[in-house]
Structures are given as structure tokens and as C-alpha cells.
Amino acid sequence: AQKITQTQPGMFVQEKEAVTLDCTYDTSDPSYGLFWYKQPSSGEMIFLIYQGSYDQQNATEGRYSLNFQKARKSANLVISASQLGDSAMYFCAMTLYNTDKLIFGTGTRLQVFP
Amino acid sequence: NAGVMQNPRHLVRRRGQEARLRCSPMKGHSHVYWYRQLPEEGLKFMVYLQKENIIDESGMPKERFSAEFPKEGPSILRIQQVVRGDSAAYFCASSPGDRAHEQYFGPGTRLTVT
């Protein structure tokens, strides 16, 4: 069965520093997509970044980059130059290309301090 | 271009009442997904619908829950005879086709059962 594991319930980082949020996934399907979402205290789900299993390069979106290591089945999110507004819950998610449902991890709560 | 709309944003129901949650997808999107987020947990897939069709309801509880996406109007998630365990945030997402990496989330409906 497909599964997403986020082992860090909480992380702290100082403003302007970089932080890595861990995510590992489990699937035997060769075709899949990996996602990261941000959920601030207001509750909405904000899409951050997407990586396809066949993409050759790691995805980047502004200060966000996805460290995709296929052999290790990991898809860690790297946030560079952290800002106070980055404090939120972060969810890693996966979908298989023969289905359409997103499978979410349990999330990591990131707190950025001055 | 308006995003995914959900209403109400907050809904309070007494045990035994019915809850109706509405989702209007983004313009041009014909695919709708419903997810449930219990307190302090990640999102769990419930159901995937296209206009007038339920494509995947593998995440729906067998009783009391139903969903529809009529030809005209919003998608509706209906919960009959609500219980306290139904208290959660319910998110709707829409996509233009059967590609989950283009799912856009609404702000969610927070259901509280008293």
C-alpha cells in the first residue's frame, strides 16, 4: 500500500536560516507524483511544490526546493532563508498516476523564530 | 479567476442533525475531490467525483456519508445523523482533468458537532 511518512512532528529554525523537512514514501508503482503543502494557522492548504517520478531534475519554486532521492524514496522539502511567515504545518503528499487521490503524511509543524 | 469556493466556512450541528457542505470548483474544472482532516492529523481522501459521476469513493465511510456533483451547481458532501467523531475540517479540491498535480484546494469547512 502507498504510504507517506513524516518523522518530524516539529521543527524549529531561526529566521534567515535554511531548514529541511523530511518525507519518505512507499510505493511499488513506477509512476507517481510528490507534493508539499503548507497549512498556516488559518487552515487553508497552500500548494508549494511538485515533483514527478520521472522528472530528471529536482523541483524548485522560489525559496522552496524538493530534494528528490528516488533510490531512497525520499522527497525532502528545503526552505531557504526562512521567514517568520513560514511558520506553519507542512504536509508531504503523493499520488499515483493511475489514481487521482492524494495520500498525505501526518505533517511537520515548523516554527521560525527571530 | 475565483479559486475553489467552499461554504459554509464553519458549521455547527447537534448530534443527529444533517450537515451539508458545498464546494464550487474553479472555473473550467470538472473534477472534484473531498478530503477530511481530523484534529492534529493529515488530510484523508474521501471521494473523487466528475460531473454526475462518482469515480472513486474508497475513502467514504460506508454509512451516513454521501457526495454528489450534479451537472449544474456545486458539489455537495452530505453527512446524515452527525456524531461527535464527524467534527473535522472538510476540504474540497478541484482539477481540470484527471491529473492530481493540478488539484487546487478550497479554504475548507470546519464542522463542529455538539
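The values are calculated or read from the model by the stated rules, or taken from the named source; none is laboratory data. Given the structure is predicted, the values throughout are model-derived calculations rather than measurements. For neighbour counting, all protein chains shown are included, and Cβ atoms are generated from backbone atoms with ideal geometry for every residue, glycine included. Areas reflect the complete protein model, heavy atoms only, side chains present, ligands, DNA and RNA absent. Shrake-Rupley method; radii C 1.70, N 1.55, O 1.52, S 1.80 Å.
Report, by residue number, each residue of the range B:54-109 that is out of contact with any helix residue (DSSP H, G or I) (no Cβ under 6 Å at 6 or more places or on another chain) and of a type in the set (Ser, Thr, Tyr). Once the filter is applied, which keeps residues that are out of contact with any helix residue (DSSP H, G or I) (no Cβ under 6 Å at 6 or more places or on another chain) and of a type in the set (Ser, Thr, Tyr), the range B:54-109 yields B:Ser58, B:Ser66, B:Ser75, B:Ser87, B:Tyr90, B:Ser94, B:Tyr104, B:Thr109.
Residue by residue through the range B:15-73, note down the ones that are within 22 Å of A:Met45 (Cα to Cα) and among the β-branched types (Val, Ile, Thr). Scanning the range B:15-73 gives B:Val32, B:Val47. Looking at the range A:93-114, which of its residues are more than 9 Å from chain B (Cβ to nearest Cβ) and of a type outside the set (Phe, Trp, Tyr)? If the condition is that a residue be more than 9 Å from chain B (Cβ to nearest Cβ) and of a type outside the set (Phe, Trp, Tyr), then A:Met94, A:Asn98, A:Thr108, A:Arg109, A:Leu110, A:Gln111, A:Val112, A:Pro114 are the ones that fit.
Of everything listed in (1) touching a His at 6+ places or on another chain (Cβ under 8 Å); (2) at pLDDT 90 or above, the single unmet condition for B:Pro96 is (2).
Considering the range A:35-114, the qualifying strands (runs of 3 or more DSSP E), each wholly inside and each with 1 or more residues that are among the polar types (S, T, N, Q) and open to solvent by 10 Å² or more (accessible area, probe 1.4 Å), run over A:64-69, A:74-79, A:108-113.
Reported count of residues in the range A:67-113, each being of a type in the set (A, V, I, L, M) and within 15 Å of the chain's Cα centre (by Cα), is 11.
Mind counting the residues in the range B:23-44 that are hydrophobic (A, V, I, L, M, F, W, C) and touching a Lys or Arg at 6+ places or on another chain (Cβ under 6 Å)? Number satisfying all stated conditions: 0.
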